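No lab work stands behind these numbers, since they all come straight from the coordinates. Just so it is clear, the structure is predicted and the values come from calculations on it, not from any experiment. Virtual Cβ from ideal backbone geometry, glycine too; neighbours counted across all protein chains shown.
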Amino acid sequence: MGNLSFKWIAIFSIATNILMIIPPLHMLQVYDRVLASNSLETLLYITLIAAAGIALYGVAESIRGRLAQRAAAQFTVDTSDLLFERLSKANGGSQKSAQTLRDFNTIRTFISSRTLVGLYDLPFAPVFILLMFLLHWTLGLITLVGLGVLVLVAVLNKVRTAQNSQDAKKADMEAFSFAQAVFVRSEDIRAMGLLPNIMERWGDRMGSSLQKGDDAAGQSNMYYGLSKSVRKILQILIMAWGAYLVIGGEISGGVIFAASMISGRALAPFEQVIGGWDRIAHARKAHEDLTAFLDESNQIGEPVRLPDPVGHISAEGLCYSPSQSVNAKPLLDEVSFSLEAGHIMAIIGPSGAGKSTLAKALVGALTPDAGSVQLDGAPRSQWPEDQWGEAVGYVSQEITLFPGTLSENIARLEVNPNPDKVIAAAQAAGIHDMITALPDGYMTEIGPGKVMLSGGQKQRVALARALYSNPRVLILDEPNAHLDSDGESRLMEAMIRARDAGRTVIIVTQRRSVLQISDHVLTIRDGRVESFVNAKESKHTSAKRMKVDAPALAPSEKQVAKPVSAQPAGEVA
């Protein structure tokens, strides 16, 4: 449909440019025939014909604009799904995503603009120049020289403004990205009184953006003004030279006015291109960047749906570094392990060790530079997106809930969520009672201006969302960071139920309480696996050693052991 629209724009452009010959022809006939013969009947007929032709011109122009709008709509339809799919898989972060979306919007806006439609008039400029030569060869030569000057202005405009336009775009992107990052944490700004400092820093970035934009626009407007002057001077020269030719008896008086109108039509597309060069350059660069982004992340076909997994997950030689620098320290360095289904594994280690990065790599939230993640022996790349999403549940460290109802959030924004599955997921996460205690229950609206949940409530809703598809693998990043003792107890119970149901559970944690229910413990330090132990065997060996080595205690010295659930949750060293 998009290509078809462009073809019809070209067809209607032919019609509009042919019809634009009518005004100069009418002028020529009025001066050379009507005024010479004093025939009112001729004047009436040629005027009616000219008016009908111009009416058709208006219809054709309207249709061209409508076709451009439809081409932009079709571009949106054809590109948006693929674009959002690629953005969801990209590792570039929010800044890269925001810039890619701006590129997409720049292209869509340009396609629907009059600037694009005007480009279709460029190929017809030689036709009008040829008409000028038919009127008189000297008039055609003057027009051709003027056209050469306009082309020179256009080239200078491109060369001289390209860098300034790029700098302005970059500065504008930095200011926008800074504001976007700041507004996400508006509560912190108010709480710590950061507004003056934030405004000053944003003002510096915006000032730089405005300055560079002003420099780019100043140069572009200078060349646009120069092109306007060249065109007007050319019309004056054509009128003057035409008058000279009339005096010499080489052309008629009507040719002067017809030549002036035709030359203006021949040069108008070039003037329009120079005036819209900034938009054309931005759209061209946006198209290059968007095409490169889509081609870079392009996949060959959709993988075949595999048998439902059991839950055996493993990692082989995972390496990841956010920087491409050779000397950059990797966040993951040759991380490998294998975990059978129906087991709980805790990932521990100091802050910055790479625990959260490992969780993101396991779930597919980021693509490792080397190595692979396998589910039931099949690499991540062999699993279709929808099947992987059903098989692997994920709760990130930074919880993001979407504007909508609690039911919609738990159901992963499905258009027609299954109420039974929603309630079952909430019960498995231990938040059914909390939700039913709300005035609107599962239909409670959350988000800006709606009900605001606490950090602990968000984590438990996120856990229910992860459980909605009945996954075989659960990967949880600090799921108890914002939970109180009761919430943590419910989380532990949910994890034990998941293990008893045969699910594989991986928990990134800094609390010892999780270790009490873990079957395996993976310790990460500086992006490397420091140890991977069977927690139950380790506990059994330690208890046996204490029983053999410890001296007998006197009755008065014997201590009563505390149950596991009563032990305080400390920090893992």
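Numbers below:
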{"read-out": "Residue-span extension gain [Val304 to Phe84] - 0.36 nm each, minus C-alpha spacing", "value": "77.0 nm"}
{"read-out": "For region 204-209, 3J(HN,Hα) per residue [Karplus equation, 6.51 cos²θ - 1.76 cosθ + 1.60, θ = phi - 60°, Hz, x = Gly/Pro]", "value": "4, 5, 5, x, 5, 5"}
{"read-out": "About the Cα centre, charge dipole magnitude for region 201-264 (Lys/Arg +1, Asp/Glu -1 at Cβ), debye", "value": "220"}
{"read-out": "Pairs from Lys212/Lys285; Lys158/Lys212; Lys7/Lys158; Lys421/Lys458; Lys329/Lys355 whose Cα-Cα separation, in the structure shown, is over 24 Å", "value": "Lys7/Lys158"}
{"read-out": "Label point at Ala481 placed 7 Å out along Cα→Cβ; residues across region 397-438 whose backbone nitrogen lies under 12 Å", "value": "397-400"}
{"read-out": "Coil-residue GluC sites (Glu not before Pro) of region 389-430, DSSP, other Cβ within 10 Å capped at 11", "value": "Glu398"}
{"read-out": "Computed label-point distance, nm, for sites Ser37 and Val77 using a 7 Å Cα→Cβ extension", "value": "5.3"}
{"read-out": "Only Lys, Arg (+1) and Asp, Glu (-1) charged, at Cβ; region 2-294 dipole about Cα centre in debye", "value": "260"}
{"read-out": "Size of electric dipole in region 290-418: Cβ of Lys, Arg +1 and of Asp, Glu -1, about Cα centre, debye, nearest 20", "value": "360"}
{"read-out": "Distance between modelled label sites at Asp440 and Leu152, nm, 7 Å Cα→Cβ extension", "value": "6.8"}
{"read-out": "For Ile524, distant residues with modelled amide H under 5 Å away", "value": "Ile348, Gly349, Glu530"}
{"read-out": "Among Ile11, Tyr223, Ile238 the positive-end extreme of the charge dipole of region 2-294 (Cβ point charges)", "value": "Ile11"}
